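Everything below concerns the one structure shown next.
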Amino acid sequence: MDAIAVAGCFRDKSILITGSTGFLGKLLVEKILRVQPAVKKLYLLVRAPDAASAEQRVFSEVIGMDLFNILREKYGLHGFQSFIQEKVVALAGDIIHDDFGLDTSQADALSKEIDIIINGAATTSFYESFCCWYARRLVTRESVQEW
């Protein structure tokens, strides 16, 4: 499958991405927005105590990076901000909780909206035991399957 065909798969789709603040997550978000601007929405699940903190984290740790300069140049500063507001939604949550830590009504609404889930979440603790790491990955896989 070539790159154009892959990009076509994201047209008019709503995508939930975990791990968007990580190295690969940032690359993924930028790549989707650049090669498939007709994506419907990117929902970025980030660890944060509330919606405002989640939005701040996404804008400072993801969208604010130099990686997005190509898109800034393409749309201009005002156009870029409008494009991002239209396409990117920050969600406060955590993959280790049921329904990703979202409240029931939000989880129900999103489960009807989301077409694709890309799970790139990880822990960066190098001292975590294997059993804890494995349990976290297992919980994540089961949470995604339930959606």
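The values are calculated or read from the model by the stated rules, or taken from the named source; none is laboratory data. All of these numbers come straight from a predicted model, not from anything done at the bench. Counting neighbours? That spans all protein chains shown, and the Cβs are built from the backbone with ideal geometry, glycine included.
For segment 85-100, which residues satisfy the criterion of being in contact (Cβ under 8 Å) with a residue 24 or more places away in the chain and part of a helix (DSSP H, G or I)?
87, 98, 99, 100
Being among the hydrophobic types (A, V, I, L, M, F, W, C), touching a Ser or Thr at 6+ places or on another chain (Cβ under 9 Å) and at pLDDT 95 or above is true for just one of 67, 71, 42, 91. Which residue is that?
Matching residue, one of 67, 71, 42, 91: 42.
For residue 58, all conditions in the list (1) touching an Asp or Glu at 6+ places or on another chain (Cβ under 9 Å); (2) within 15 Å of residue 121 (Cα to Cα); (3) β-branched (Val, Ile, Thr) hold save one; what is the number of the exception?
With (1) touching an Asp or Glu at 6+ places or on another chain (Cβ under 9 Å); (2) within 15 Å of residue 121 (Cα to Cα); (3) β-branched (Val, Ile, Thr) applied to residue 58, the lone miss is (1).
When the residues of segment 11-38 are narrowed to those that are in contact with a helix residue (DSSP H, G or I) (Cβ under 6 Å, 6 or more places away or on another chain) and not in a helix (DSSP H, G or I), which ends up farthest from residue 113 (Cα to Cα)?
21
Can you tell me which residue within segment 1-10, out of those that are in a loop (DSSP other than H, G, I, E, B) and over 14 Å from residue 115 (Cα atoms), is modelled with the lowest pLDDT?
Across segment 1-10, the extreme among qualifying residues is 1.
Kindly indicate the residue of segment 39-58 that is hydrophobic (A, V, I, L, M, F, W, C) and outside any loop (DSSP other than H, G, I, E, B) and also surrounded by the most Cβ atoms within 10 Å (Cβ to Cβ) among those meeting that condition.
Of everything passing the filter in segment 39-58, 45 is surrounded by the most Cβ atoms within 10 Å (Cβ to Cβ).
Name the residue that is surrounded by the fewest Cβ atoms within 10 Å (Cβ to Cβ), counting only residues in segment 60-73 that are closer than 25 Å to residue 103 by Cβ and touching a residue at least 24 places away in the same chain (Cβ under 8 Å).
Going through the qualifying residues, I end up with 61.
Can you list residue pairs whose Cβ atoms sit under 6 Å apart, with the first residue in segment 108-134 being under 18 Å from residue 18 (Cα atoms) and outside any loop (DSSP other than H, G, I, E, B) and the second being among the small types (Gly, Ala, Ser) and modelled with pLDDT of 90 or more? Count only pairs 6 or more apart in sequence or on different chains.
113/14
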